[in-house]
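To keep things clear, I will list the structure first and then write my remarks on it.
The values are calculated or read from the model by the stated rules, or taken from the named source; none is laboratory data. What you see is a predicted model; the values in this text were computed from it and never measured. Methodologically, a virtual Cβ is constructed for each residue, glycine included, from the backbone with ideal geometry; neighbour enumeration extends over all protein chains shown. Just so you know, the surface numbers come from the protein's heavy atoms only, side chains and all, with ligands and any DNA or RNA stripped out. Shrake-Rupley method; radii C 1.70, N 1.55, O 1.52, S 1.80 Å.
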Amino acid sequence: MYEYKRTGWIPVKEKMPEEKYSIFAKYKGTLRWSDSMFENISDRCLITINANNQPVVDLAHTCDGEWKANLLRIFPEAEVTAWMPIPEPYRDE
């Protein structure tokens, strides 16, 4: 098993971000449901993708098990290889 704590990056093959019900989940199966809605969503996280054989980091989240990120619109063939929770911001003490 991959040692997550060493780098903070979690391989997608081993684990995906946890999703929770979205605000639209209550409409699933009703006449109010539309194709633009989603049932589950994850918190935002950092992802690593391979775009043109170069590793790139982007901000993303998942909706119903599928990755959503700006770079994935630009490089639709790119593959998400790993993710990590967004770290806490730096605070000067």
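Some observations on this one:
- Total residues in the stretch 52-76, condition part of a helix (DSSP H, G or I) and either open to solvent by less than 50 Å² (accessible area, probe 1.4 Å) or under 17 Å from Ile41 (Cα atoms) (or both): 3
- For the stretch 77-92, a tally of residues being in a strand (DSSP E or B) and of a type in the set (Ser, Thr, Tyr) returns 1.
- Identity of the residue in the stretch 1-47, assigned to a loop (DSSP other than H, G, I, E, B) and of a type in the set (Asp, Glu), that ends up modelled with the lowest pLDDT: Glu3
- Matching residues in the stretch 17-44 - criterion: being under 11 Å from the mean Cα position of the chain (by Cα) and buried (at least 17 other Cβ atoms within 10 Å of the Cβ): Pro17, Glu19, Ile41, Ser42
- Among (1) open to solvent by less than 100 Å² (accessible area, probe 1.4 Å); (2) more than 10 Å from the chain's Cα centre (by Cα); (3) within 20 Å of Gly8 (Cα to Cα) - the single one Tyr90 does not satisfy: (1)
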